[in-house]
Amino acid sequence: MGTVTAPVTIDPYVCGRTVPSADRTRLPSVLGGDLADVGNAPQLLALAAVNEIRADADGRAPEPALFTEAARLFASATLDGESPGEYARRVSHATGLTAAAVAQAVRDLVAEVGELAETTAAELPDTRFGEGFATRWVPRGKMFAAVMASNHPVPNVSWVQALFHGYSVLVKPGSRDPFTARRLLAALLAAGLDPVKAAYLPCSHRVGDFLLREADRGIIYGGDRAVAQWQDRESVAVRGPGRTKALLDQDLDDAVVDHLALSASFDGGTRCTNLSAVLTTRPVAEVADRLAERLGRLPSLPATADAATLLVVDRVRAEQIREQVAGLRARLTDHSARFDPADPVTELDDGSFLLRPVVLSADRADHPAVGTELPFPFVIVAPWTEADGVAPLRGSLVLNVFTDREGLVDEAVREPSVRKVTRGAVLPWTAVPGIPHDDNYTQFLLEPKGLVAQR
């Protein structure tokens, strides 16, 4: 993908104007050096943005065609002096995502923004009840706050969807990916979005928490610690670690091994829907060995290489992850070392650090390490028996089942902490408009109001 030349200057943007900030952070590249000089919004600026957004918020949705045009511009136009190629390079060098993963993310974002009308129709019930009787779905408020993470660009569609339904938005971009939200907003403005509908606010976690408290509705992405305080707040949609699991209750053939490996490694293992645990009725060592062997074939390439599939990080994150992996290896059985002699955290010639797959196994389904999620292909295999029931499968964003036990499938679907169930060789992120990712997001944003007219 080439190199990024000079660092770009990024500042908060509020209702049509850029607001330079004296509180600045240098955003490092995984290759060394800096990618951006980021101005952070202090609390006073965030308060001013909240007041200004609230004063102009009217709850009226822009025309749907605006979003179709914005998606086109996001993918193909030079926006605020940034070409599509420059955007892709910046995201790759900031997050460590491969060039292929960023290109796929752009395609996915364009598709999801283009499908917003279809998604809305699929997630809302029929509102026709005869002449004079109707239901209107309207925003549950007027101001929306989004606190984004940096693991992947696609979740930014969540705040675009709020705009689609009429909210005015305040966006805290991910600390390692301020580029996606910035470019999306630039595309929306170029497509005709009223500038008073949006504020872009790079800021601290504390200021991000302030935005969520002030907004009528909001969404937060992050790890367990970042999302914990919002779990029981009805106005905030929480998107924490996915802890996607598979239940393997059938013989393991090459096609299933390939499926599990792809589920774990796609996009470098950075998605919240990437597989992180396999519970199985088959011999645990055999399942773990075959998965480790398959994942061990993935090449050690820099993120810029066309054939690259694995995430790279900078030196600081590499040391943090190396320490985490060492601690888990000490408590569990390591299966990757037999098939992949390379260090799980491998320094490359370009100065970045590659995160290679790790497969470990536990001796029981309720081992506390089962469900551990790390930002690269990391899987724990553990035994499962019918006596274990659904308990070890809880807390899964997606549960991929290979079983003929219909009663267990039904129980998993009914389990509140399992958000989606897939059967057979279906990748965890497979969906069409109307299939919930984690609850019905459209109905989180909108509420029904009765409209009865004289007949």
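The values are calculated or read from the model by the stated rules, or taken from the named source; none is laboratory data. What you see is a predicted model; the values in this text were computed from it and never measured. Note: ideal-geometry Cβ built from the backbone for every residue, glycine included; neighbour counts use all protein chains shown. Protein only, heavy atoms only, side chains kept; ligands, DNA and RNA dropped before computing areas. Shrake-Rupley method; radii C 1.70, N 1.55, O 1.52, S 1.80 Å.
Observations on the model:
- D34 vs. criteria among the acidic types (D, E), under 30 Å from L445 (Cα atoms) and under 26 Å from the mean Cα position of the chain (by Cα): no
- Whichever residue in the range 73-118 is over 22 Å from the mean Cα position of the chain (by Cα) and on the phi > 0 side of the Ramachandran plot and, among such residues, is surrounded by the fewest Cβ atoms within 10 Å (Cβ to Cβ): G81
- Qualifying residue in the range 50-62 (condition: within 28 Å of P375 (Cβ to Cβ) and buried (at least 22 other Cβ atoms within 10 Å of the Cβ)): no
- Entry remark, the range 118-144: residues being of a type outside the set (D, E) and not in a loop (DSSP other than H, G, I, E, B) number 14 in total.
- In the set (1) outside any loop (DSSP other than H, G, I, E, B); (2) at pLDDT 95 or above, the condition left unmet by R225 is number (2).
- Long-range neighbours under 6 Å by Cβ, at least six apart or interchain, first residue of a type outside the set (A, V, I, L, M, F, W, C) within the range 371-390, second part of a strand (DSSP E or B) and buried (at least 20 other Cβ atoms within 10 Å of the Cβ): G371/A277; E373/S276
- Test: A70 is touching a residue at least 24 places away in the same chain (Cβ under 8 Å), part of a strand (DSSP E or B) and open to solvent by less than 20 Å² (accessible area, probe 1.4 Å): no
- Enumeration of residues in the range 260-277 that are closer than 14 Å to V359 by Cα and surrounded by 24 or more Cβ atoms within 10 Å (Cβ to Cβ): L260, A261, S263, A264, G269, N274, L275, S276, A277
- Whichever residue in the range 278-299 is more than 29 Å from M148 (Cα to Cα) and not in a helix (DSSP H, G or I) and, among such residues, is most open to solvent (accessible area, probe 1.4 Å): R297
- Hits in the range 6-30 - residues which are assigned to a loop (DSSP other than H, G, I, E, B), closer than 30 Å to L355 by Cα and open to solvent by less than 40 Å² (accessible area, probe 1.4 Å): S29, V30
- Residue that is nearest to A61 (Cα to Cα) [pool: residues in the range 186-211 that are open to solvent by less than 10 Å² (accessible area, probe 1.4 Å) and assigned to a helix (DSSP H, G or I)]: L188
- Taking the criterion of being at pLDDT below 95 and buried (at least 20 other Cβ atoms within 10 Å of the Cβ), the residues of the range 124-151 that qualify are A149, S150, N151.
- Where strands (runs of 3 or more DSSP E) sit wholly within the range 369-455, those with at least 1 residues that are surrounded by fewer than 17 Cβ atoms within 10 Å (Cβ to Cβ) occupy 421-423, 446-452.
- The range 327-344: number of residues that are outside any loop (DSSP other than H, G, I, E, B), in contact with a helix residue (DSSP H, G or I) (Cβ under 8 Å, 6 or more places away or on another chain) and surrounded by fewer than 23 Cβ atoms within 10 Å (Cβ to Cβ): 3
- So V256, is it open to solvent by less than 50 Å² (accessible area, probe 1.4 Å), within 30 Å of L354 (Cβ to Cβ) and not small (G, A, S): yes
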